[in-house]
1. Of the residues Asp200, Asp187, which is in the same structural domain as Val151 (by TED's automatic domain parsing), touching a Ser or Thr at 6+ places or on another chain (Cβ under 7 Å) and at pLDDT below 95?
2. Which pairs turn up if I take residues in the range 255-275 that are free of Cβ contacts under 8 Å to residues at least 60 places away in the same chain and look for partners that are of a type in the set (Asp, Glu) with beta carbon separation below 6 Å, at least 6 apart in sequence or on another chain?
3. Could you list all residues from the range 208-234 that are under 27 Å from Ile40 (Cα atoms) and acidic (Asp, Glu)?
4. Taking the options Arg209, Arg258, Arg263, name whichever one is more than 30 Å from Leu119 (Cα to Cα) and in contact with a helix residue (DSSP H, G or I) (Cβ under 7 Å, 6 or more places away or on another chain).
5. Exactly one condition in (1) buried (at least 16 other Cβ atoms within 10 Å of the Cβ); (2) closer than 24 Å to Leu219 by Cα is false for Pro173; which is it?
6. Criterion first (out of contact with any His (no Cβ under 8 Å at 6 or more places or on another chain) and either assigned to a strand (DSSP E or B) or among the basic types (Lys, Arg) (or both)) does Ile40 satisfy it?
7. Looking at (1) over 22 Å from Arg253 (Cβ atoms); (2) surrounded by fewer than 22 Cβ atoms within 10 Å (Cβ to Cβ), which is the one condition that is false for Thr110?
8. Just for the range 152-170: of the residues that are in a helix (DSSP H, G or I) and in contact (Cβ under 8 Å) with a residue 40 or more places away in the chain, which one is surrounded by the fewest Cβ atoms within 10 Å (Cβ to Cβ)?
Amino acid sequence: MKRNMVRAVLCAAALMLAGALAPAAAQTLERVAESKTFRIGYRHFAPPYSYEAANGQAAGYIVDLCREVAGAVKQHLKLPSLKIDYVKITAENRFEAVKNGQIDILCDPTSMTMSRRALVDFSLPTFLDGASVVTRGTPVKGLEDLKGKKVGVLKGTTTEETLRTTLAQMRIPADIVLVDDHPQGLDLLADGKLDAYFGDRGILAYLIRNRAKGGNLTLSEQYFTFETYALAMPRGDQAFRLLVDTTLANLYRTESIRQIYARSFGAFPPDQFLDALFVINGVPK
């Protein structure tokens with residue numbers, strides 16, 4: 001009797017392990033081959049990386065990278081045509097959208113972290129950015145300047161986590177105010193309802209440069225974090241991940257990436273960190 005119980009427990013454990021190690025039932029390339037549709041998840045407002053343009057179309061540097069992936073999928077599957085569905089996601093629901101199959105690939109400024117790798121798989125890196133602080137007038141030189149201030153940050157992001165953790169570790173008392181999007185945060189700052197706004201430097205620089213509303217906003221020159229962006233996709237889908245990585249490596253190796261970069265960032269050249277990222281990840285065939 002005991003032997004049978006032990007055998008049953010071992011069998012159950014083996015089945016659970018097999019299920020954990022097995023790839024997803026509906027592999028991405030198989031599904032796309034059948035549906036002739038590729039689903040790109042993008043953010044409504046995270047320029048210049050991922051946003052909805054004035055014409056209502058998905059746009060941005062990372063969205064353009066995903067269009068390159070879509071082209072590679074079409075070629076790999078030898079499809080005469082491939083429909084691309086652009087699905088809006090938020091900073092809060094984006095990983096769930098990948099996990100539940102709502103989208104095939106996540107195309108926004110997503111920081112690659114070990115905890116997130118428990119939820120999704122990541123591609124080769126796509127960008128290097130970091131958090132900085134916007135204020136009215138005098139720029140912030142250190143986080144100590146935030147003592148006793150109202151500091152806005154986008155909810156559901158690693159930036160929020162970093163801000164909370166760092167201020168706590170440094171014992172800097174501050175009132176953290178969560179906002180739904182970056183424009184809201186900058187508006188609250190310009191109107192005097194926030195003393196500072198904490199966010200990804202690339203996004204903040206873009207928004208301030210293209211902002212119609214004034215407010216004498218100043219972006220700190222200092223990076224308070226460094227974050228590596230990557231494309232997120234379903235866990236365990238090795239064939240699709242290889243195709244995504246191959247596409248990115250080809251763009252980096254051939255320097256086609258610089259044309260894509262220029263569409264969103266103009267003539268302003270990549271900095272030394274981004275240049276190094278392109279070189280290091282231009283993996284040979």
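1. Working: Asp187 fails: touching a Ser or Thr at 6+ places or on another chain (Cβ under 7 Å).
Exactly one of Asp200, Asp187 is in the same structural domain as Val151 (by TED's automatic domain parsing), touching a Ser or Thr at 6+ places or on another chain (Cβ under 7 Å) and at pLDDT below 95, namely Asp200.
2. Once the first residue is free of Cβ contacts under 8 Å to residues at least 60 places away in the same chain and sits in the range 255-275, no partner that is of a type in the set (Asp, Glu) comes close enough.
3. Result: Glu227, single match.
4. Details: Arg209 fails: in contact with a helix residue (DSSP H, G or I) (Cβ under 7 Å, 6 or more places away or on another chain); Arg258 fails: in contact with a helix residue (DSSP H, G or I) (Cβ under 7 Å, 6 or more places away or on another chain).
Going through Arg209, Arg258, Arg263 in turn, the sole match is Arg263.
5. Of the numbered conditions (1) buried (at least 16 other Cβ atoms within 10 Å of the Cβ); (2) closer than 24 Å to Leu219 by Cα, the odd one out for Pro173 is (1).
6. Working: out of contact with any His (no Cβ under 8 Å at 6 or more places or on another chain): yes; either assigned to a strand (DSSP E or B) or among the basic types (Lys, Arg) (or both): yes.
Yes; evaluated as a whole, the condition is true for this residue.
7. (2)
8. Taking the range 152-170 and keeping what is in a helix (DSSP H, G or I), we get 158-169.
Checking which are in contact (Cβ under 8 Å) with a residue 40 or more places away in the chain leaves us with 158-159, 162, 166.
Details: Thr158: 19, Thr159: 24, Thr162: 18, Thr166: 16.
Ranking the candidates gives Thr166 first.
The values are calculated or read from the model by the stated rules, or taken from the named source; none is laboratory data. Keep in mind the model is a prediction, meaning the values are calculated, not measured. All Cβ positions, glycine included, derive from the backbone under ideal geometry; neighbour counts span all protein chains shown.
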